[in-house]
Structure formats: C-alpha cells, structure tokens
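Comments concern the structure below.
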Amino acid sequence: MKDQENTIAKLASLQELELTAEEIATAAGPVLELIRAADALARESGYAKLDASIRVPPSRRAGGEPGAK
Amino acid sequence: MTIAVTASTIAERHQNPCLLTIDRLGDAIRRGRLSIRGVIESSLSCIATADKTINAFLFVDPEGAREAAERLEKELTRGHDRGPLHGVPVAVKDLFATRGQPTSAGSRLLAKHVTDHDALVVRRLREAGAIIVGKTQMNEFAFGVTGLNSHFAPVRNPRATDRIVGGSSSGSAAAVAAGMCVGALGTDTGGSIRIPAALTGIVGFKPTFDVVSRDGVLPLSDSLDHVGPLTRTVVDTRILFECIAGKSMRSPRPAASLSGLRLGILEDHCTKLDEDVADAWNRFLETMRSVGVELSSLEGDATHEAMVASTVIMFSEAAEVHRDWVRTRRDEYDPATRARLIQGSLLPATTFVQAQRIRERLRRRLAAYFESVDVIACPTQAAVACQPSKLNPQVIQHMLRNTRLAPLLGNPAISLPLPSRALPVGLQLIAKAQADEDLLTVAAAIERTIGAQSSVKEDTR
C-alpha cells in the first residue's frame, strides 16, 4: 500500500498538485486499478512486440488494415 | 417504499397541461381551449407546489416566463405561429448558459456566476417559442450519476420520493416526470440523460456526437459530452431534438412497422438484472417476437472495455478542464467531484492513449454488429431506482454499466419506459452514428406497440 501511495505522490508531484496524505491514500487504489486495466485491455489489441519494451500497434504491422488503430 | 407519485398526482388532479403531449398542448392552445399564460401559470404553480418535495429546480424564472407567455400569446393572436414549441414550458439543466440568469453547474465555485448569453440550443428553443421556466439540479459539473449534490437538497424521484432520480441530469428528469414542464434539456457523458430518464419513467435521448451544438454548455469531457432532450414521449423528443439540432421541424412521421426490424440484443448488458427489470425486459422481448421483430444475440464483452476506456477518457478530460481550480479551490468542490478530479489529474498520458485504442476497437466491433442488425437493445439500467442510503461504489458502477458504450463511441441512444410492475424500467435502443431520425422512428413504433405512455394524460377537454 505504501508503494502505491508513493507512486501516486510522484504522479501528483509531476502534475504540480499538492495532495494531502488522505487525498493520496484515497486516490491510490482507483488510479492504479485504472492504469492496470487500461494496460491489460490495450495489450489485447494485438500489439506486435519488437522486444520486451517496444509495442507496435496493429496498424503499423505488415498487412495491417488502413484505419486500424 | 414510498410510491408517492406526489407531483404527478397533484398535477393530474389539477389537469396540468404540462402532462399533455406537445402536439395536444399546441392543438389546445391554437383552438383557444388553453391560453399560453394559463399553461405557464400551471407550470409555475406545479413547481411552487411539487418542488418543495422534489427539489428539481435550482432557479425558477416566473417573471421571465410570464413576460414570454404574454409576448407569445400576442404573437399567436396576430397570426405569428412559431411552430410546435410555441408557448411550451421547458426547463434546462444548470449547465447551459442562459442570458442574465445564474449558471452554476450545480457548484459553489460558480455560485455567483451569471451568464450574459444563451447557449445556442437555448437560443434555438426561445426562437421556436419555447418558454424557459428555470434551471434544473444536477450532479456538480455533471460529474456523477446519482443525481445527488452535497451543495443542495437531494432531488427526489417523483415516482417514489424515497428513491434517487439518477443523474447527472436529475432535475431535468424529475421536472418532466413530475409535470412541472413539458420537456427539458440535459447532457449525457456516460449516461446522464438516459439514466435519470429510465429511473423516472420518461424518455431521454442522447443524439449522435456533435449533432447538437455544445456551444454555451459547460464542459465535463470534450470528446464524450452530448446534449439532448428529456420528454414524456418519443414524439415530443423528436420535436425538441429537431429544434435544438437546428433541423427543420417536420410534422409527425407516418407510423413505422416493426415487422422485419432486426433487433440485436447486447447480451453482456442483459445480465444481473434485478427482478423488476428482468420481468419488464422479458415481456418486451416477447412482445417484439409477437409483432415480427427479428431478435438476434450480440455476444462479446463490451461492458468492461467501455467502462475502463470511458472512465480514463472522462476523468482525464475533466481534470484538464478543472486543472486550475483543482490546484487552487479544491476544497470548494463536492467531495465526490473532488475525488474524481484528483484521480483524473493523476492518470498518465500513456493510459489515455491506451483508452483511445480500446475505444477504436469497440468502435470497429459495434460497426460489425450493425452489419447484421438495425438497432441494438438492452435495459437502460439493470436495477430500478434505489434509496440514497443503498448507494455504494458497486451500485454506482452497476448504474453505469449499460450507458457508457454509446457516448464513448458517439452513437445515438435513447431510453424509453417499459411497462413495469412498480418502479420505472427503461429500454435502451442504440443505432448507427448519424441514424438519429431512424432511431427515433423505431423508438416511436416500439413505444406505440408496448403502450408505455402511462404518464401521458389524454386531452379530454
């Protein structure tokens, strides 16, 4: 939980947002859950992985249909 | 459960003309059986009486409404008829700019904000002869679906005053359902027109994205916000829609036959229905089969994807709109709004991009559905209106489940009442983008077939 709150505090700092400890604690769960859910669903879009870290959307692959994103 | 039907009952006893359909009201006015001034006095009187309980309005404008009634009455006498909305009382959500009146978006942050212009849709209503009787309650900045706002007294459901109305266009739905006005404007970003329409037993229509101007409407989420009407019947909805969309207002269309209509059932939107909703939904399906509608199942899980993509996009875009105030005036927000804006502020750009990718994938899937069906159907809400004390994050998620898809993809969607055992149940119909007129034609045919116009009073004068 502490790690999650540290992550949120860093994100808030990047946004120049001074959050209270309570605000950080309240936001941590829902924000990280959304980030993970979007990431998991986006992976199902058929990324082609060049290596472990670079993901290429379907539209950029050979044979990818125009307009596919 | 208090099924008081307070306002509607009061209105019916007093033969409230606001319970007539727009064409019947117009007919009564043009035949001299009702005066526009009389109609407006009935509307104001109903607000004065019923709104003590319902709390639908944040601002009522008796003076402006009476002045407009006087002027429009004279115009009609001189033969200047502005069309079906001439002299019709309507309300607008407090998110729409109205000249010389407060526009607070239901927030303390804008408590003293008076707008010096009309939103384009408000201007179109006035030009068509509609009379704006007041501004209605809402979730703060339209950011929520409960219809509750800690800055103001709770909006109560006219169909059961111990129940919520749903939101965010709670006041607009309650005002129409209670017979305080004939129609109202709302906005829908994730369900904010269709949810309260379903929970109060009226019609709520979210047109195709950007078919209705958002000029002069305070933003929540720029790529998801839609403007649309709430009325008691689909025919009335079409009249208001054509007006605010700037389309030529045509006479009612000939009745469409439902035989041969290809209706796709979005199966993942039809699970975990409460007993009343399941009962109304199953009877609807039986009726559709009996009149020759071709039903087909649409499989696939769209709900989770729509919920995630819509939440990320909505929260991020709202956080951008409120960026300055989240830093400097955070304590003045309703706690629920504040929490969502903070969450939106913290979502990284990569997550936003992923949400857009999920959105495109859903768009392709929906387009594929429309290759084999004309219209998609599901219950608008999986449950009937609950008591405020029963609200929790799970219940709120459940309320949003069936309404997120259409605004995310920009498709037109309408909620209309299904005959139900006690509390209102809504049927949602979704069509292809830009097929607004076709959707309204199908919805009107379904409305006639299922005979759900229970709250429409026949003109017996």
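One residue stands out in the stretch B:259-283 among those that are farther than 29 Å from residue B:359 by Cβ and of a type in the set (Gly, Ala, Ser): the one that is nearest to the other protein chains (Cβ to nearest Cβ), namely B:278. Scanning the stretch B:54-87 for residues that are part of a helix (DSSP H, G or I) and under 21 Å from the mean Cα position of the chain (by Cα) returns a single hit, B:54. Within the stretch B:158-211, the set of residues being among the aromatic types (Phe, Trp, Tyr) and surrounded by fewer than 24 Cβ atoms within 10 Å (Cβ to Cβ) comprises B:209 only. Among the residues of the stretch B:288-301, is any outside any helix (DSSP H, G or I), closer than 30 Å to residue B:217 by Cα and hydrophobic (A, V, I, L, M, F, W, C)? Within the stretch B:288-301 (the criterion being outside any helix (DSSP H, G or I), closer than 30 Å to residue B:217 by Cα and hydrophobic (A, V, I, L, M, F, W, C)), the answer is no, since none of the residues qualifies. Among the residues in the stretch B:133-154, are any modelled with pLDDT under 95 and touching a strand residue (DSSP E or B) at 6+ places or on another chain (Cβ under 8 Å)? Looking for residues that are modelled with pLDDT under 95 and touching a strand residue (DSSP E or B) at 6+ places or on another chain (Cβ under 8 Å), one finds at least one in the stretch B:133-154, hence yes. Among the conditions (1) aliphatic (A, V, I, L, M); (2) surrounded by 18 or more Cβ atoms within 10 Å (Cβ to Cβ); (3) within 30 Å of residue B:164 (Cβ to Cβ); (4) in contact with a strand residue (DSSP E or B) (Cβ under 9 Å, 6 or more places away or on another chain), the only one that residue B:111 does not satisfy is (2).
The residues of the stretch B:284-301 that are farther than 21 Å from residue B:393 by Cβ and within 14 Å of chain A (Cβ to nearest Cβ) amount to a single one, B:300.
Among the residues of the stretch B:333-369, none is identified as free of Cβ contacts under 8 Å to residues at least 24 places away in the same chain, more than 9 Å from chain A (Cβ to nearest Cβ) and not hydrophobic (A, V, I, L, M, F, W, C).
Looking only at the stretch B:382-418, residues that are touching a residue at least 40 places away in the same chain (Cβ under 8 Å) and surrounded by fewer than 18 Cβ atoms within 10 Å (Cβ to Cβ) come to 6 in all. For residue B:306, state whether it is in contact (Cβ under 8 Å) with a residue 12 or more places away in the chain, under 28 Å from residue B:200 (Cβ atoms) and within 11 Å of chain A (Cβ to nearest Cβ). It is true that residue B:306 is in contact (Cβ under 8 Å) with a residue 12 or more places away in the chain, under 28 Å from residue B:200 (Cβ atoms) and within 11 Å of chain A (Cβ to nearest Cβ).
Residues that are in a loop (DSSP other than H, G, I, E, B), surrounded by fewer than 12 Cβ atoms within 10 Å (Cβ to Cβ) and at pLDDT 65 or above are absent from the stretch A:55-67.
The values are calculated or read from the model by the stated rules, or taken from the named source; none is laboratory data. All figures in this text were calculated on a predicted structure; none of them were measured in a lab. Positions of Cβ are backbone-derived with ideal geometry, glycine not excepted, and every protein chain shown enters the neighbour counts.
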